[in-house]
1. Which ³J(HN,Hα) values in Hz, rounded to whole numbers, follow from the phi angles of segment B:7-19 under the Karplus curve 6.51 cos²θ - 1.76 cosθ + 1.60, where θ = phi - 60° and Gly and Pro get x?
2. For segment A:70-158, just the Cα set please: Rg and Dmax, both in angstrom.
3. Give the lysines reachable from B:K12 as a straight Cα distance under 17 Å; neighbours fewer than 8 places away on the same chain don't count.
4. For a quick check, take a GNM of chain A with Cα springs below 10 Å and name the residue from A:S42, A:S50, A:S101 with the largest mean-square fluctuation.
5. Mean shadow of segment A:6-104, computed from the convex hull of its alpha carbons, in nm²?
6. Can you give the angle from 0 to 90° between the axis of helix A:92-119 and the longest principal axis of chain A, with both taken from C-alpha atoms, to the nearest 10?
7. How much accessible surface area, in Å² rounded to 10, belongs to the heavy atoms of B:V46 with a 1.4 Å probe?
8. Which lysines have a Cα lying under 29 Å from the Cα of A:K63, excluding residues fewer than 8 positions away in the same chain?
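The values are calculated or read from the model by the stated rules, or taken from the named source; none is laboratory data. On a predicted model such as this, the values are computed, not experimentally measured, just so you know. Cβ: placed from backbone, ideal geometry, glycine included. Neighbour counts: every protein chain shown. Protein only, heavy atoms only, side chains kept; ligands, DNA and RNA dropped before computing areas. Shrake-Rupley method; radii C 1.70, N 1.55, O 1.52, S 1.80 Å.
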Amino acid sequence: MKTRFLFPAKFRILGWLIFIPSLAAAAILIFSDYNLDNYLQSSVFAIINSDILAKPQYLTVIKNGIGDEILLVLILIGGLLAGFSKLKNEDELTSQIRYESLVWAAYFNFAVMLVATLFIYGLYFLNVMMLNMFSLLFFFIIRFYVMLYRLKKSVDEE
Amino acid sequence: MAEISQADLAEKISVSRQTINAMEKGKYIPSTLLALKLAVFFKKRVEEIFELEEID
């Protein structure tokens with residue numbers, strides 16, 4: 001079957017190998033309130049940059065601790081590869097499960113965001129917005145693999 | 001009808017065994033393409049393998 005928009009199957013394991021460690025590292029950083037900003041200081045190109053109480057700067061090179069950027073890039077790339085690479089038994093049923101999981105994850109993610117908007121205030125809301133950078137991808141992957149597991153189990157039980 | 005395992009059938013029409021299983025249980029409605037492949041494989045018409053149900 002022709003499948004559109006999916007990576008080759010060999011990228012799936014690579015995706016998991018990137019996704020799990022970077023996600024674990026991010027979780028540890030968030031829950032320990034550890035600040036990465038002072039590490040890995042580098043010059044980076046910024047389309048836009050704004051410091052508190054300063055005029056925004058455009059198209060300029062600034063100094064920035066790139067630890068958090070690296071981590072987020074790894075989570076997103078790892079997650080995309082883990083969730084959107086072909087399975088070894090990819091067919092129209094697994095494709096349907098993938099699309100349904102994606103819709104489910106979109107609903108679930110925005111439901112979580114609604115609740116967070118109404119009940120989480122102050123600086124913690126910044127954490128919520130940061131997690132929202134990859135939460136949809138995270139919920140999708142969980143849902144997708146749970147549904148695949150259930151399908152496999154329902155066949156194996158016979 | 002010739003005896004054939006889900007695994008053999010799955011391989012012949014290039015889907016997974018789970019898909020064959022889900023179709024047999026009525027949990028998955030195949031695409032037109034897959035329905036036609038099954039019909040060709042069993043040398044039957046599609047309507048002889050699949051039928052509309054009340055709720056459809």
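1. In residue order, the calculated couplings are 5, 5, 4, 4, 5, 4, 9, 6, 10, 7, 5, 4, 5 Hz.
2. Cα-based Rg and Dmax for segment A:70-158 come out at 15.5, 53 Å.
3. Answer for B:K12, where 17 Å is the Cα cut-off: A:K2, A:K88, B:K37, B:K43, B:K44, listed by chain and number.
4. In this elastic network of chain A, the residue with the biggest mean-square fluctuation among A:S42, A:S50, A:S101 is A:S50.
5. Values: hull surface 36.4 nm².
Seen from a random direction, the Cα hull of segment A:6-104 projects 9.1 nm² on average.
6. Once rounded, one gets 40 degrees.
7. Only protein atoms counted, so the area is about 40 Å².
8. Qualifying lysines at Cα under 29 Å: A:K55.
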